[in-house]
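First the structure, in the form of structure tokens, and then the observations on it.
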Amino acid sequence: DVPNNTEIILGRENVLKEYINDKSYVSRSHAKIVSDGGNLYITNLSSTNFTYVNNERISSDTPALLKVDDEIGLGGCINNGNRQELAVYLVVREK
């Protein structure tokens, strides 16, 4: 469980930086995840490499609702069944 109103910034200079520092498609502050009312939402913060949920580019203006098993792509999407090597992919899991 994530406490309500928790905000997490994902990126090369934020959460997970030690794992994604060499992924050049990921911005320093790439995406924001917020918990609200028991739900998780993600917002794109990157103006160049974008954020994807289930291979669909999300808006920088409107938070996207995340569900269990959703795949987040930071800086990349799946093209012809292949993931981009310099992007990062995360899957939403239940605790």
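The values are calculated or read from the model by the stated rules, or taken from the named source; none is laboratory data. Note that the structure is predicted; figures quoted are calculated from it, not measured. Every residue, glycine among them, receives a Cβ derived from its backbone with ideal geometry; neighbour counts consider all protein chains shown. These accessible areas exclude ligands, DNA and RNA; they are computed on the full protein's heavy atoms, side chains included. Shrake-Rupley method; radii C 1.70, N 1.55, O 1.52, S 1.80 Å.
Values for this structure:
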quantity	calculated
Cα pair count fraction exceeding 18 Å, expressed as % - region 8-53	26 percent
Neighbourhood net charge (11 Å Cβ-Cβ; Lys/Arg +1, Asp/Glu -1) for E56	-1
Residue among F50, S24, G76 farthest towards the positive dipole end of the chain, charges placed on Cβ	S24
Apportionment of accessible area to carbon and sulfur, the chain, percent (1.4 Å)	44 percent
Label corresponding to volume of the Cα convex hull per residue in Å³ when calculated from the structure given, among [x] 140; [y] 94; [z] 115	[y]
Within the chain, helix-based [θ] at 222 nm, where runs of 4 or more DSSP H residues each add -39,500 (n - 2.57), nearest 500	-500 deg cm²/dmol
Of N55, N39, N80, the one that fluctuates the most in a GNM where the chain has Cα springs shorter than 10 Å	N80
Within a Gaussian network of the chain (alpha carbon springs, distance under 10 Å), most fluctuating of G76, G37, G11	G37
Estimated dipole of region 10-84 in Debye, rounded to 20 [Cβ of Lys and Arg +1, of Asp and Glu -1, Cα centre]	200 debye
